[in-house]
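The structure appears right after this line, and notes come after that.
The values are calculated or read from the model by the stated rules, or taken from the named source; none is laboratory data. Everything numeric here is computed off the predicted structure, so don't read it as measured data. Glycine also receives a Cβ, built like all others from the backbone with ideal geometry; neighbour counts cover every protein chain displayed. Please note that ligands, DNA and RNA were not included when accessible areas were found on the heavy atoms of the full protein model with its side chains. Shrake-Rupley method; radii C 1.70, N 1.55, O 1.52, S 1.80 Å.
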Amino acid sequence: MSAEIVTLTVNGRERQGLAEPRRTLVDFLREDLELTGTHVGCEHGVCGACTVIIDGAPVRSCLMLAVQARGAEITTIEGLEENGELHPLQEAFRRSFSFQCGFCTPGFVMSTLALLEEDGPLDEEHLRHELSGNLCRCTGYQSIVDGVRLAAELLAEKRGAK
Ligand code: FES
Ligand code: FES
């Protein structure tokens, strides 16, 4: 199969690479664009480690082909910091010890980012339900829930300060 040119926007920058039609988006991001912050675990849509934001919605990049992402706007974990400062969500995970080995963390952060943009209070049951598609083998999840709740507070403070 011959490789095709794939052009997309990643973290605000236009990027281009050559991908065979069967190449997954996660492999394209990690190996062709060298954005290795997105992790790849199960490779069949179960663990959530590969979650990135595509056109505003969280997507498992192991289930999408690179050629399907042509023209898309993608945000990966590398796109969250600003001027060397952690995004409030990253800061909240750091302060709440929401990771141990960190393998699952980029996926949790990207899934949570979309969730925190929804309006309304962050109800714990809803939060746990929304994050149930991301698996963590280390933490037992409570510290991740704590991190997301702190992130909601930090983001509200940041919005209030503007
Ligand atoms: S690597 Fe994509 S969901 Fe597990
Ligand atoms: S921190 Fe190790 S898998 Fe979640």
Candidates Ser96, Ser61, Ser111, ranked by Gaussian network fluctuation over the chain, Cα under 10 Å, top entry: Ser96
Residues Glu91 and Val46, FRET efficiency given R0 of 22 Å [Cβ-Cβ distance, rounded to 0.05]: 0.15
Portion, in percent, of the accessible area of the chain that falls on carbon or sulfur, probe 1.4 Å: 48
Phi-based couplings in Hz for the stretch 132-146 (Karplus 6.51, -1.76, 1.60; Gly and Pro marked x): 5, x, 10, 9, 10, 8, 10, 8, x, 6, 4, 5, 6, 4, 4
28 Å tail of the calculated P(r), the chain, as % of Cα pairs: 21
Coordinate range along principal axes, alpha carbons of the stretch 32-97, Å, largest first: 36, 26, 22
Label-reachable residues, the stretch 94-128, where backbone N falls under 11 Å from a point 7 Å from Ala156's Cα toward its Cβ: 120-123
Fraction of the pair-distance distribution of the stretch 48-139 above 19 Å, Cα-Cα pairs, percent: 42
Cα centre as origin, Lys/Arg/Asp/Glu Cβ charges: the chain dipole, Debye: 260
Area of Cys101 that stays accessible when all protein chains are in place (1.4 Å probe, Å², to 10): 100
Where the chain is the region considered: accessible area per residue in Å², 1.4 Å probe: 55
